[in-house]
Structure formats: structure tokens, C-alpha cells
């Protein structure tokens, strides 16, 4: 087993343990109301059958919200099968038929590299965990290949004033210019704002939310 495989297994084990040991509502990143993401998605004015991809979804409440709004083609991903299992269990039938689940590593994908024609890519608090240049490059390449022309990308990461660690892991802090550089010139920044998120514990985390569109 090489170093990359060891790293993948460690990452997978870390996130599985996080969800096994803590109730979802008590996790530091749990959002009862993912309003900033919802507002940006609504701003994209996509049809209800658009392909929406949620990277590193965990057990997010965003999927419930999107289903309630009538979206019918949602793909969710996480490296943690435990997290996606919890997410799957709380989505009611028949709406669950509108959701596809993919357990895979965003930085070394086996299934995700087959994605194409994505209308919207959503990432809240995922990219900032990729601390190695090779991980970041692989992730941005995945986005560039998966998102269709005129499709959208939402990246919401810890901003430059934000926390330097989360869930015991180091993170990389971002601003809109760093995210623009990672995506490349084909993506146009449509909107950016800083946002203070209050955790279930009452602690706060500083985010930068960005909305990009892939141009022809």
C-alpha cells in the first residue's frame, strides 16, 4: 500500500469516526438552516431537473431543503459511508428516488471522475481540508471537468480570519482571489461575501461564500 492509499484510509477512518461518535446535530459544522447556500442556489435560477452535486455532503440538511423546493436530480458525495448512510436514512420516500449517493475521495476519485454536465457544484467546508497542493489540484481539476459550460460552482470555505483547524485537522484558509486562481480563468466570480456561522456549541466560524459561473 502506497502513501496515497494510507492517507485515503486515514481520512476515511477519521470522518467515519466523527459521525459514529457524535450525534449529527452536535457536530461543529451541522447547519439546521443552510440559508446562505440556499440563497446562492436560488440566485442561479436553475430548472428543477438540473443536476446538483454536493461535495462532501456529510449528513447535511441542504438536501432536504432542495428536495422540498422540488429539485429532482441531486448527487451527494462523501468519503464517509457512515455520513451518507445517516443522510440516506433521514430522507423520506419517495423523494429519496431523486438522490444519488457516491462514496468516493474527491482528491483521488474512482467514480466521481465520471461526472459531467453538472449544472451546480456545491462545496461547504470541504476544500479547506485539502492541505496538500496535489489534493487541491486534483479537486479543482475534478470541478473543471465535471461542471458544464454556464454551470455554477459554490465554494464556501474558512476565510482568512477563520479557524486554522477543524475536527482535529489542519485547514487552508481562503479568500475569493485564491478560489478564483484555483478554478482558473474559465470561471467568472458572480458573488462573494463573508459569513459568520454559529456552531451548535455557540462558537463561531468565519466563512467566505463564493458563486462562480463557468464561461464558454
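Observations on the model:
- Remark: residue 105 matches the filter, which requires a residue to be out of contact with any strand residue (DSSP E or B) (no Cβ under 9 Å at 6 or more places or on another chain), within 19 Å of residue 10 (Cβ to Cβ), surrounded by 14 or more Cβ atoms within 10 Å (Cβ to Cβ) and in contact (Cβ under 8 Å) with a residue 60 or more places away in the chain.
- Condition broken by residue 100, with the remaining ones in (1) buried (at least 17 other Cβ atoms within 10 Å of the Cβ); (2) under 18 Å from residue 41 (Cβ atoms) satisfied: (1)
- Checklist (1) farther than 23 Å from residue 136 by Cβ; (2) in contact with a helix residue (DSSP H, G or I) (Cβ under 7 Å, 6 or more places away or on another chain); (3) at pLDDT below 95 applied to residue 93, failing item: (2)
- Note on region 108-126: residues that are closer than 27 Å to residue 170 by Cα and either in a helix (DSSP H, G or I) or within 13 Å of the chain's Cα centre (by Cα) (or both) total 8.
- One residue stands out in region 71-90 among those that are out of contact with any strand residue (DSSP E or B) (no Cβ under 8 Å at 6 or more places or on another chain) and modelled with pLDDT under 95: the one that is surrounded by the most Cβ atoms within 10 Å (Cβ to Cβ), namely 83.
- Filtered by the rule that a residue be free of Cβ contacts under 8 Å to residues at least 12 places away in the same chain and in a helix (DSSP H, G or I), region 77-102 gives 85, 89, 96, 97.
The values are calculated or read from the model by the stated rules, or taken from the named source; none is laboratory data. Keep in mind that this is a model prediction, so the values were computed, not measured. Note: ideal-geometry Cβ built from the backbone for every residue, glycine included; neighbour counts use all protein chains shown.
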